[in-house]
1. So how many residues does the stretch 43-80 have that are in a strand (DSSP E or B) and either among the aliphatic types (A, V, I, L, M) or buried (at least 16 other Cβ atoms within 10 Å of the Cβ) (or both)?
2. Taking residue 222 as the residue in question, decide whether it is free of Cβ contacts under 8 Å to residues at least 60 places away in the same chain and surrounded by 15 or more Cβ atoms within 10 Å (Cβ to Cβ).
3. Considering only the stretch 19-52, state which residues are acidic (Asp, Glu) and either in contact with a Gly (Cβ under 9 Å, 6 or more places away or on another chain) or more than 29 Å from residue 91 (Cβ to Cβ) (or both).
4. Taking the options 291, 282, 243, name whichever one is farther than 30 Å from residue 153 by Cα and surrounded by 13 or more Cβ atoms within 10 Å (Cβ to Cβ).
5. Could you list, in sequence order, all residues of the stretch 179-215 that are of a type in the set (Lys, Arg) and in a loop (DSSP other than H, G, I, E, B)?
6. Just to confirm my filter: which strands (runs of 3 or more DSSP E) fall fully inside the stretch 256-325 and include at least 2 residues that are touching a residue at least 24 places away in the same chain (Cβ under 8 Å)?
7. Could you list, in sequence order, the residues of the stretch 217-231 that are among the basic types (Lys, Arg) and within 24 Å of residue 201 (Cβ to Cβ)?
Amino acid sequence: MSKSNAGPVLKWLWNYGDGKTDTVQNPSHLFAKPGVLDVSLTVKDKNECVANTIKKVTWYPVPPLLIVNPSTAVGCVPATVAFRNLSYPIDSTYKVEWDFGDGGKSNEISPNYIYKTPGVYNINLKVTSPIGCTIEKKFSNFIEMKASPVAGFDYSPTEVTNFNKKVSFTDQSINAVTFYWKFGENINFTTNLKNPIYTYPDTGLYKVQQIVTHQSGCKDTAYALIDVIPKVTYFLPNALTPNGDGRNDEFAGNGYMEGSKNFKFTIWNRWGEQVFYTEDYNVAWNGQKNNVGEMSPDGVYVCVVSFNGPRGELHTYQTFVTLLK
């Protein structure tokens with residue numbers, strides 16, 4: 001404005017360089033982020049004459065109050081605590097110094113820290129702005145870490161089958177005072193015994209869970225997978241005497257075959273001629289060709305049996321059988 005026609009200023013327009021403006025003569029403004037900003041002032045007098053000026057404003061204050069929000073104030077070791085720094089303003093240009101009370105330190109704004117030793121810890125936080133302003137605060141008795149047990153167990157027998165489904169569990173935990181056992185996801189039975197014994201109702205894969213508790217109240221869990229294996233047994237005799245006396249009149253295997261499939265039972269004579277074949281486990285050879293023809297002569301015959309077990313595993317048996325009338 002020239003001196004000759006300047007009048008009193010009637011309008012003010014402040015532009016703070018952060019997208020915000022103001023129209024009062026002497027405003028106050030809180031910047032959202034620290035930094036160096038170009039702040040401009042435009043004024044207008046009664047004659048609509050305009051003047052403006054721009055100045056760089058360096059705004060790097062320290063927070064007026066340090067605020068820390070931990071993810072947990074009481075935990076069981078080892079425990080990861082996320083320290084959320086709610087102090088304002090702070091950005092990556094600030095120097096942040098954490099002391100977690102057990103010798104651990106960090107320079108992150110909001111760090112995660114793992115406590116490994118039981119105790120009550122003081123936390124110290126210091127913040128320094130880029131222009132050297134500093135604020136520091138000690139948070140006394142801020143974090144409490146309790147001792148934890150270590151879960152663990154063994155079991156026997158190491159191979160569990162449908163012929164012996166009883167399992168003995170032996171506790172191997174450390175610093176535990178109470179115990180909780182679960183023997184499978186679909187099994188409702190649980191127990192608080194230290195060394196339980198459990199008999200499984202069926203074959204299959206079971207996830208065993210042991211939860212132990214320390215006197216501090218902290219817990220730990222151990223798992224093991226127990227496979228109750230469906231096994232089969234099959235035995236073949238070595239002689240056939242089809243003479244009608246009720247002893248060894250038929251030739252067949254015997255055993256426990258539940259869950260088996262693809263059963264094949266074949267007998268050949270010494271010339272390689274097939275004299276008997278069946279896919280039925282319950283059918284035996286009576287000495288006749290295919291059980292309906294003429295009686296086979298005395299001699300030694302080759303027998304081969306094959307089948308798949310309950311889980312598809314192949315079982316093959318080969319033996320010699322002597323026919324004596």
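1. So the answer is 14.
2. no
3. Listed by number, the residues that qualify are 38, 45, 48.
4. 291
5. Passing the criteria: only 194.
6. Correct list: 261-268, 299-308, 314-323.
7. If the condition is that a residue be among the basic types (Lys, Arg) and within 24 Å of residue 201 (Cβ to Cβ), then 231 is the only one that fits.
None of the figures in this text is laboratory data; all of them are computed from the coordinates on show. Model, not experiment: these values are computed from the prediction. Cβ sites come from the backbone with ideal geometry, for glycine too, and all protein chains shown count toward neighbours.
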